[in-house]
Amino acid sequence: MAKRRSFRKRVREAGEDIGIWKLAKWACTKAQNPNELPIIPRLNTYRRRTAETVRDKAEALKTRFFSRVELDLSDINKTAFQKESFPQNSIEVSRKAVGEEIEAIIKTRNPTEPQE
């Protein structure tokens with residue numbers, strides 16, 4: 001008798017909360033469907049226009065978040081690096097290619113790989 005009362009009480013409490021029925025309806029009707037694409041609402045642009053199409057929305061977001069900033073580079077005089085620019089424990093690497101190194105690299109290449 002106590003189990004029956006407890007069960008009925010729980011069913012009544014679940015029925016009072018609309019959320020459980022929404023979840024049950026979703027599980028029966030939409031859970032198997034593929035995810036819906038996100039929908040971006042209409043956007044108001046900085047020019048007081050409304051972006052409604054996907055292309056207009058993309059352009060509005062690009063303008064807002066990825067706008068170009070003009071930089072003043074006139075104060076940069078020297079573009080060559082000095083030895084002082086690098087840490088003292090940096091590694092020196094030779095810029096010359098040695099013939100033996102090139103031959104070894106060519107020999108290790110797989111001839112079936114596409115050439116770059």
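With respect to Ala80, determine if the residue is small (Gly, Ala, Ser) and surrounded by 10 or more Cβ atoms within 10 Å (Cβ to Cβ).
For Ala80, the condition - small (Gly, Ala, Ser) and surrounded by 10 or more Cβ atoms within 10 Å (Cβ to Cβ) - is not met.
List the number of the failed condition for Ile40; all other conditions in (1) in a helix (DSSP H, G or I); (2) touching a helix residue (DSSP H, G or I) at 6+ places or on another chain (Cβ under 6 Å) hold.
All conditions are met except number (1).
Bear in mind these aren't lab numbers, they're just calculated from the coordinates by the rules spelled out. None of the values given here were measured: they were computed from a predicted structure. Note that each Cβ is placed from the backbone with ideal geometry, even for glycine, and that neighbours are counted across all protein chains shown.
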